[in-house]
Amino acid sequence: MWFVANQLQAENNLKKNELQQQVYYLNIPRSDAASALNKLAQQTDSVLIYSFQQVQQHQANALHGYFSLADALHYILLGGGLSAEFISPDVIKISAIQHQKNNPDSAQTTQSTQTPHNTAQQTNIAEVIRVDGIRHSLDKALDIKQNANTIVDVIVAEDIGKLPDNTAVESLARLPGIQVTRYKDEADGLVIRGLPYYTTTYNGREIFTAELRRVQLQDFPSQSLSAIEVYKQGTAKLLESGVGGLINAVTRKPFDFASSKFAGAIQLGYNDQTERAAPIANLLISSRWQNQWGEFGGLVNANFARSYYYNGIKYTGTYYPEASEHWQISPAENQHIDFFMPVNVGLYNEGGKRSRPLMNFALQWKPSEGFEYYLEGIYQGFRAKAYKDQFDINLAHWDASLPPIQINDLQLFDSHLELKQAKSFSKQGGLSPFGYRLANKEQTNTNQIAMGAIWQGNAVRLQTDLAYTNSDYNNAIWSLDFILDKPQRVDVEFNTPEGVRIKLPDFQPFEAEQYLWRGYFERMDVAAGSGIQWRTDATYFTSFDYFHRIDMGWRYAKRDASSKFGWRYFNTQYLAQPLNKLAFIEYEKTLNPFRNDTGGLNQYLAPTRESIADNHETLRLMTLTAIEDLIEQHPEQDDLYPAQQAFSNAEIPINPDSDYSANETRYAFYLQADYEIPIGAFMMDGGIGVRVLNVHSDVFGISTIRDALASRTQQAFVNHNQMYYLPSFNMRIKYSDALQLRLGYAKTMNRQGFALLNPAMNISLLSSDTPAIHQDGSINARAYGGNPNIKALTSKNYDLSLEYYYGFSSYLSGALFYRDLNGFAHWLHSVIDDPEYGQVEIFRPENAQHGRIYGYEVNWQTFLDFIPVIGQNVGLSCNLTYLQGQSNKRNEQGEFTELSEFPGLSKWTYNTVLFYEADKFSIRLSYNYRSSWINLHTGLSESGGFTGRKTRARDRLDVSASYQLNKQYAVFAEISNLIARPFRNYNQLNDTQYYNIDLRDEGRYFNLGMRFNF
């Protein structure tokens, strides 16, 4: 029996040639051919005739974007064993392709829809994408979200090299449930539903940076990615996602394109803080061809992003001493009032140049239908030449060698409390202002190469994938320290709209003679990691009534990680030598980064980064000479000899406590069954499964043992084995094609960082006359170190989501979630029995913290198609997230404390994106808001309120626009951080008293560029 899909009257249909030319916007997910053709008929108002039973047995390809009907039929049916034939101007017939040997007319039938294309392409492509700007990218992301078997949010590139932002983390900040922190003019920290613990993958494979367990996502220039997927709910098939989720970076492959592709962009970015411009560029070259050995594809994608950044901070210290009886205080009525004040104020600047090169390639080969082999690789790099400098003014330190402290014009905040809070004053005497200029050179190199094969049969799909990853990190630091030749009068006013106001009325900041050489510091950090991973996955499409698909597979991963650092420092203040006597050092005025400054200290003199970095060996030798001269004058000072030894060699000595290496082997097996069960008029589907993980770890470190006479080192080694069972269950109830309800449960886990697993201890042996902290005097030593026996952080995740897809590009969803967390690492004092040293009081990380996070997300996306003329060009995307989290810690007595607010978590986050997209012109306005969040919880006030350190609410507005000059070229412009409100931290001391901690103005970025696409 023939089935007619969405039959309309013939007189309302277009003629055959018109059907082949008219363009429709199509959004057809991957499915069986009967379902896909039905959607195609509905979306094009076409008449398609086919046998439902015959066509349903074939697989169709997905389709997103603008297509003519002929092209749409070609791509949907390509490689699927079906062909389309225009049997009249008004009717299209779909039928199975007969092998040419048996039916020579079949070639003619197939040719009817393949005339505009290469008929040799008889490969079942997974998805056809026509790039058509913002709406296409939103539709494709919507399609993935709607049809996924778990809770996932996706960002899809509008065009090649055109994600919404310049780094992956900035793009992710647009999604619901995701919060980011920003520093050095970029997003560098990310949390998913309040949790910073997540797994990162690259095209589905685990990827990491050096000794870390995840990659630094900000090192992915967005131009290198075609999509970013955020899985908020784990499944058995998914790689062990962290308790927060999993983030998968997706790049393009040659078979994504119908033919060859040459595309890219070049742009120039300008930062108004540094007043410098830097280039960003990307280039993609891809091709596919066919010969007697099958179909081949090759792709190379190169990216380079550079930026200059500069952030300046006015800060107030977070330690608050009370007024001393030795101080001279005016006016006289304040002499005997008890008050407190910050211990110091100052300026802190950080800037530099960073570069991120990235290159990836992909090769694909399909020797025949159902077989594919591939080879992929990526190089990801990070380079930074940066500097930091500080100018610190101590307000309270005094000893007999310093001029006495005088506090004049003291003003106090109004308060009913007996202990008052200083509002402003003028201070003289005490310690001279001091600071430093630090130069560093930092780099990361991460490489991954992978190969694999896919075989697709009628009911079975097999894939195997083998990958090797290598990453290293190096950071060299050289710091030249200074102190002024005499104390300075300082006028300070706290808690102003511009942060702390600092004035040094008698200070001439650019006179080099008053800056004395205070000391020299060097540090070296080295970390590395490598790993091999091999997985094999099998999918069986069953003929069972309810369980239609079964997935199973295994994964082997072996990971090595190591880290070490060393440092050396010597104080040269006793020389009283002006810095400008170091002839090889050049000087510069620090930049003034404060947009709303009302005057006062905002600049000073500092050595240039280059003159320190280029002459660090000369500085080492000068420091060594100073030490040796001092030894000659005071040979009895034993503490000078270790410093002499540290500076004697060009290489920085390694700190033994920091030197560790870890070998970790993982074996994982998973089994997952997808089901589909009709319930009356509804359909219920989903998946149920379990992932079993075995982790074997060998961790090496070097312990340091000290007593009253000497110190020694010894190796520390621990190995252990841990097993984890991670069940998952997902259910979707489809009330209609538009409305669906999801429920999910999954247990997820995060292994602790390798540094916390370091078995080395720094042990101080107690002599017999050392006072014991316990009454029985049983403590023989005190120590601190890592904990190789610490267990993974685990979470039980519960999710509910209601989703309504009510039109093309439009949907409304709401989600509830709850995370029950156990096993946070918390540094804790405890007593252990050591076989060699007896009872040791140790400070180390323990699984000593529980927590819970819950909240909801609301997501709305729509195009205003109901508005005539321009409505289909205007779109709106909004999301809102509410988060609440509490945790408690075990104290030193082993008891859990009361629940307190979760650090790093904002209760409210929302994003609004308004865009307009016409034939050639598009513009996008993006607004992001994040409410205040806790950085450190110090306790409760008398009324039970919060005390501790918090960051005030943050918001951000970005705008971008582009104009398509012709089919190949487009120009674009972007402004990031348009409103540029400053970043602020503060310290809530009690119910009524607080002090600002810092104020930081961030850069406003301007980008201008051109894209090309051939």
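The values are calculated or read from the model by the stated rules, or taken from the named source; none is laboratory data. Keep in mind the model is a prediction, meaning the values are calculated, not measured. As a convention, Cβ positions derive from the backbone with ideal geometry for all residues, glycine included, and neighbour counts pool all protein chains shown.
Of the residues 816, 876, the single one that is closer than 30 Å to residue 738 by Cα, part of a strand (DSSP E or B) and at pLDDT 95 or above is 816.
Kindly indicate whether residue 543 is at pLDDT below 95 and either buried (at least 17 other Cβ atoms within 10 Å of the Cβ) or out of contact with any Leu (no Cβ under 6 Å at 6 or more places or on another chain) (or both). Steps first, answer last, please.
Values: at pLDDT below 95: yes; either buried (at least 17 other Cβ atoms within 10 Å of the Cβ) or out of contact with any Leu (no Cβ under 6 Å at 6 or more places or on another chain) (or both): yes.
Judged against the criteria, residue 543 is a match.
Among the residues examined, residue 678 qualifies as free of Cβ contacts under 8 Å to residues at least 40 places away in the same chain and either surrounded by 16 or more Cβ atoms within 10 Å (Cβ to Cβ) or over 29 Å from residue 561 (Cβ atoms) (or both).
For segment 612-639, give me the residue count where each residue is of a type in the set (Ser, Thr, Tyr) and surrounded by 18 or more Cβ atoms within 10 Å (Cβ to Cβ).
Let us first name the residues in segment 612-639 that are of a type in the set (Ser, Thr, Tyr), namely 618, 623, 625.
With the extra rule that they be surrounded by 18 or more Cβ atoms within 10 Å (Cβ to Cβ), the set shrinks to 623.
Residues that pass the stated criteria total 1.
Taking the condition outside any loop (DSSP other than H, G, I, E, B), touching a helix residue (DSSP H, G or I) at 6+ places or on another chain (Cβ under 6 Å) and modelled with pLDDT of 95 or more, does residue 297 pass? So residue 297 passes the test. Of the strands (runs of 3 or more DSSP E) contained entirely in segment 138-214, those carrying at least 3 residues that are among the hydroxyl-bearing types (Ser, Thr, Tyr) and modelled with pLDDT of 85 or more fall at 198-202. Of all residues in segment 743-751, none are closer than 23 Å to residue 841 by Cβ, touching a residue at least 60 places away in the same chain (Cβ under 8 Å) and assigned by TED's automatic domain parsing to the domain that holds residue 794.
Can you name the residue in segment 417-469 that is of a type in the set (Asp, Glu) and in a strand (DSSP E or B) and is also farthest from residue 362 (Cα to Cα) among such residues? Per the stated criteria, the residue is 442. Is it the case, given these coordinates, that residue 822 is surrounded by 20 or more Cβ atoms within 10 Å (Cβ to Cβ), in the same structural domain as residue 735 (by TED's automatic domain parsing) and within 27 Å of residue 750 (Cβ to Cβ)? Taking the combined requirement at face value, the residue does not satisfy it. In the set 485, 481, 392, 399, only one residue is over 30 Å from residue 661 (Cβ atoms) and free of Cβ contacts under 8 Å to residues at least 12 places away in the same chain; that residue is 399.
Please enumerate the residues belonging to segment 229-261 that are over 20 Å from the mean Cα position of the chain (by Cα) and closer than 22 Å to residue 75 by Cα. Break it down stepwise before answering.
Of all residues in segment 229-261, those over 20 Å from the mean Cα position of the chain (by Cα) come to 235-237, 252-261.
The answer is 252, 253, 254, 255, 256, 257, 258, 259, 260, 261.
Could you check segment 973-1014 and list, in sequence order, the residues that are assigned to a strand (DSSP E or B), of a type in the set (A, V, I, L, M) and within 23 Å of residue 349 (Cβ to Cβ)? Hits for segment 973-1014 are 997, 999. Here residue 935 meets each of (1) part of a strand (DSSP E or B); (2) in contact (Cβ under 8 Å) with a residue 40 or more places away in the chain; (3) over 14 Å from residue 181 (Cβ atoms); (4) of a type outside the set (Asp, Glu) with one exception, condition (3).
I need the full set of residues from segment 720-752 which are buried (at least 17 other Cβ atoms within 10 Å of the Cβ) and either at positive phi or not in a strand (DSSP E or B) (or both), in order please. Listed by number, the residues that qualify are 751, 752. Note on segment 262-284: among residues that are farther than 30 Å from residue 594 by Cα and either in the same structural domain as residue 150 (by TED's automatic domain parsing) or within 28 Å of the chain's Cα centre (by Cα) (or both), the one that is surrounded by the fewest Cβ atoms within 10 Å (Cβ to Cβ) is 266. Quick check on segment 313-335. Is at least one of its residues crowded, with 21+ Cβ neighbours inside 10 Å, closer than 23 Å to residue 167 by Cβ and either in contact (Cβ under 8 Å) with a residue 24 or more places away in the chain or assigned by TED's automatic domain parsing to the domain that holds residue 186 (or both)? Yes, that holds for at least one residue.
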